[in-house]
Structure formats: structure tokens, C-alpha cells
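The values are calculated or read from the model by the stated rules, or taken from the named source; none is laboratory data. Note that this is a predicted model, so its numbers are computed, not measured. Because the Cβ atoms are built from the backbone with ideal geometry, glycine has one as well, and the counts that use them run over all protein chains shown. Protein only, heavy atoms only, side chains kept; ligands, DNA and RNA dropped before computing areas. Shrake-Rupley method; radii C 1.70, N 1.55, O 1.52, S 1.80 Å.
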Amino acid sequence: LSFFAVHGGVPDDGIQVPAALGLPAAALAGQSYADDMAGVSGTAAGLQRIIDRVHEHSQTWGWTANTGKSVVMVFGDPATHAAAADATWHWGAAALKRVASTKYLGLHFHEDCTWQEHATRTAQKAAAAVHIWAPVLASARLPVALKRDVIATRIRPIIEYGMEVWAPEHGGCRKALLSPLDAVLEDAGRLACGLGSGRSRAAWA
């Protein structure tokens, strides 16, 4: 389970989600996917009430939560974190750990509401993929078109996963996030074209 507390000042448990895509406005208290669940609230007390209700369900229907993997995050500015400094959350008698960042559905969320950590980790993962495929990309016997397909199917998907969420159009912020990822793709392109790091980008772009 991953429980998220979001500062929003809403009076009820959950957070208010505006009407969109033909759906009416509603209060979102959480979501579940297969063996994973997330709860969300605008207040610490509201989040605890959501956790309590899910815990009651578990007792009624005989299932258990892995509290060792269950965490709480508080999103917001320094004032929000300071206000919640002494807050605690429990699953029954077990205290839940509060963390600064966590991975959820393949995305790395951070309490300061930025995506820098996700971009950094994604660049590392993509660079590892380039290393794995380097013998193929650097092979002089294989056509560049095939190497391009390798980049498109084995490296770009790592970089672009969830990008609709974490890399919106925000000018300089977006550029800062994407720069290390662009560098990985450039390295892969140089390998595929047989160009060393000293050659200008115009030589293969």
C-alpha cells in the first residue's frame, strides 16, 4: 500500500477533483491497482480515517497489508512539511513510515512536488539499456536503420514512460528535466552512427 497525503485544505476526506472529460466533480479518496492501493487526503487526520476504513475492510474480509512496504508522503512546500512534522499514521497498531520519495506505478514521486529525481533515475535506467545494447549499436556489420529500431523500441520507451504526467510543457523546467535524457539518446545515436564523442551533433543529427 502507498498512502499519499496532499495539502489542499479540503474539509472532507480525499481531495476535490474538478469536472473533466464529461465526468462530474468528485472527491478522490484513493485508487487501487491489482495488489496495490493508494489513499489521498488534504489533511493528516483525513488520511488516517481513510487508512482506518481500509484496515477495517481488511479485518472484515481476512486480508493483510505489507506494512513494511507501506509508506506515507506529504506533498507541499516547506511550510506544509513543517506543519505535518509531528503527524503520524498507523495501520492498526503498526506505524507507517514517512518517506521523502517513493516509486508508484513506475513513477518516482517526491515530497517537494518536482520530477527531478524521476528524470535522474530514468536517465540512469536508459543509460544502462544503452550499455546492454552497445554491442549491437556499435556493430559495423549492422545497418543504421536496424540500430535506429533498437533505440526506438528498447531505449526510448524507458525515457518516455509516463511523460504525459511528469514532463508537462513548462519551459525551462521541462528543459532541465529532459536534458539528461536527451544526452542518453545522443550517446545511443552516436554509437549507432559510428561517431565519437568529439564529433559535433550536426554530423549525425
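Relative to the present Cα-Cα distance, how much length would full extension add between Gln116 and Ala138 at 0.36 nm per residue of separation?
Gain in length upon complete extension: 4.9 nm.
How much of the accessible area of segment 72-198, in percent, comes from carbon and sulfur atoms when a 1.4 Å probe is used?
Carbon plus sulfur share of accessible area: 59 percent.
Share of Cα-Cα pairs in segment 74-205 beyond 26 Å, in percent?
The calculated P(r) of segment 74-205 puts 40 percent of pairs beyond 26 Å.
At a probe size of 1.4 Å, how large is the accessible area of Val136, to the nearest 10 Å²?
40
Can you work out the Karplus-derived ³J(HN,Hα) for every residue in segment 64-74? Use 6.51 cos²θ - 1.76 cosθ + 1.60 with θ = phi - 60°, whole Hz, and x for glycine or proline.
In residue order, the calculated couplings are 10, 10, 7, 5, x, 9, 8, 9, 10, 10, 10 Hz.
Roughly speaking, what % of Cα-Cα pairs in segment 60-120 are separated by over 13 Å, rounded to a whole number?
When every Cα pair of segment 60-120 is considered, 68 percent fall beyond 13 Å.
For segment 1-160, just the Cα atoms, rotate onto the principal axes and tell me the three extents in Å, largest first.
Sorted from largest, the Cα extents of segment 1-160 read 64, 36, 35 Å.
Once the Cβ-Cβ distance between Ala145 and Gln31 is put in as r, and R0 is 45 Å, what FRET efficiency do you end up with, to the nearest 0.05?
That pair, Ala145 with Gln31, gives E of 0.60.
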